[in-house]
Amino acid sequence: MILAVLQARMGSSRLPGKSMATLQGEPMIVRQLERLRGARCLSKIIVATSQDAADDALAGFLVSRGYTVHRGAGADILARIARCADAISAVTHVVRLKGDAPFMDPGVVDDAVRMALASGADYTSNRVHRTYPAGLEVEVIKASVLRQAAAEERDPTARISPTAAIRNQPERWRQAHLRAARDCSRLDWRVKTAADLAFARSVYDALHPGDPDFRMGDVLDLLENRQDIARFAA
């Protein structure tokens with residue numbers, strides 16, 4: 001079973017409440033979940049947020065929409081994700097995704113999962129050797145490896161970056177690396193600031209009405225043809 005865990009929170013210092021900021025009439029978190037439904041390799045999706053009061057409204061909204069939510073310690077993201085895996089029986093791999101990525105591509109998610117399964121790697125990602133735009137990161141971790149890292153890691157700082165202990169030990173944890181057909185690593189499509197949100201809204205306004213399932217290639221084509229939108233991403 002392949003479990004996707006989408007991290008999301010409301011307490012961003014640069015853009016508070018960004019998970020609920022709207023893109024074409026729906027909160028960004030909902031748009032991300034809609035896109036993930038297009039990934040054929042995922043068995044289940046859980047949104048992992050914190051127990052902080054700031055995330056009460058986010059968790060309540062998602063539950064009201066029928067999504068599965070897990071809440072854990074705000075400063076221990078590693079434990080939060082590991083407990084998502086513990087809560088679901090027969091999980092073999094966990095796909096870690098971040099909540100500031102409204103352009104996440106389900107095809108890229110599927111490619112990463114298929115590589116993980118075919119290679120047998122403990123950790124598979126497109127973030128160690130970056131060729132995809134920032135905001136399309138996918139990490140696929142064996143559930144057994146994730147649990148072991150959660151049990152062993154003692155550094156509080158490292159527990160905020162839940163895959164660092166695995167990612168930084170390639171001699172211990174076997175890795176596989178997904179690369180794009182062309183190097184787009186200079187692009188950053190994450191939503192971290194008000195300017196990033198304006199860019200995301202411009203792309204959604206241009207693409208979503210005609211094709212809600214638009215992919216990475218559609219955004220790249222749009223940026224080549226619409227300099228008014230491309231300027232937002234510069």
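The values are calculated or read from the model by the stated rules, or taken from the named source; none is laboratory data. Fair warning: this is a prediction, and the values are worked out from it, not measured in the lab. Cβ atoms come from the backbone with ideal geometry, glycine included; neighbour counts cover every protein chain shown. Side chains included, ligands, DNA and RNA excluded: accessible areas come from the protein's heavy atoms. Shrake-Rupley method; radii C 1.70, N 1.55, O 1.52, S 1.80 Å.
Here's the yes/no breakdown for (1) open to solvent by less than 10 Å² (accessible area, probe 1.4 Å); (2) on the phi > 0 side of the Ramachandran plot; (3) at pLDDT below 95; (4) not in a loop (DSSP other than H, G, I, E, B):
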site	(1), (2), (3), (4)
Ala75	no, no, yes, no
Cys84	yes, no, yes, yes
Val95	yes, no, no, yes
Pro102	yes, no, no, no
Arg114	no, no, no, yes
Arg130	no, no, no, no
Ile141	yes, no, no, yes
Ala149	yes, no, yes, yes
Thr157	no, no, yes, yes
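Counting only residues that are closer than 14 Å to Leu136 by Cα and either open to solvent by 40 Å² or more (accessible area, probe 1.4 Å) or among the basic types (Lys, Arg) (or both), region 197-217 holds 1 of them. Of everything in region 16-47 that is small (Gly, Ala, Ser) and at pLDDT 95 or above, the residue that is nearest to His93 (Cα to Cα) is Ser43. Can you name the residue in region 158-189 that is under 14 Å from Ala79 (Cβ atoms) and among the β-branched types (Val, Ile, Thr) and, of all such residues, is nearest to the chain's Cα centre (by Cα)? Only one residue fits best here, namely Thr163.
Within region 218-234, the set of residues being over 21 Å from Glu137 (Cβ atoms) and either β-branched (Val, Ile, Thr) or surrounded by 19 or more Cβ atoms within 10 Å (Cβ to Cβ) (or both) comprises Ile229 only. If the condition is being in contact with a strand residue (DSSP E or B) (Cβ under 9 Å, 6 or more places away or on another chain) and more than 17 Å from Tyr132 (Cβ to Cβ), then region 199-232 contributes Arg201, Tyr204, Asp205, His208. Considered as a group, the residues in region 159-183 that are of a type in the set (A, V, I, L, M) and not in a helix (DSSP H, G or I) include one that is surrounded by the most Cβ atoms within 10 Å (Cβ to Cβ), and that residue is Leu178.
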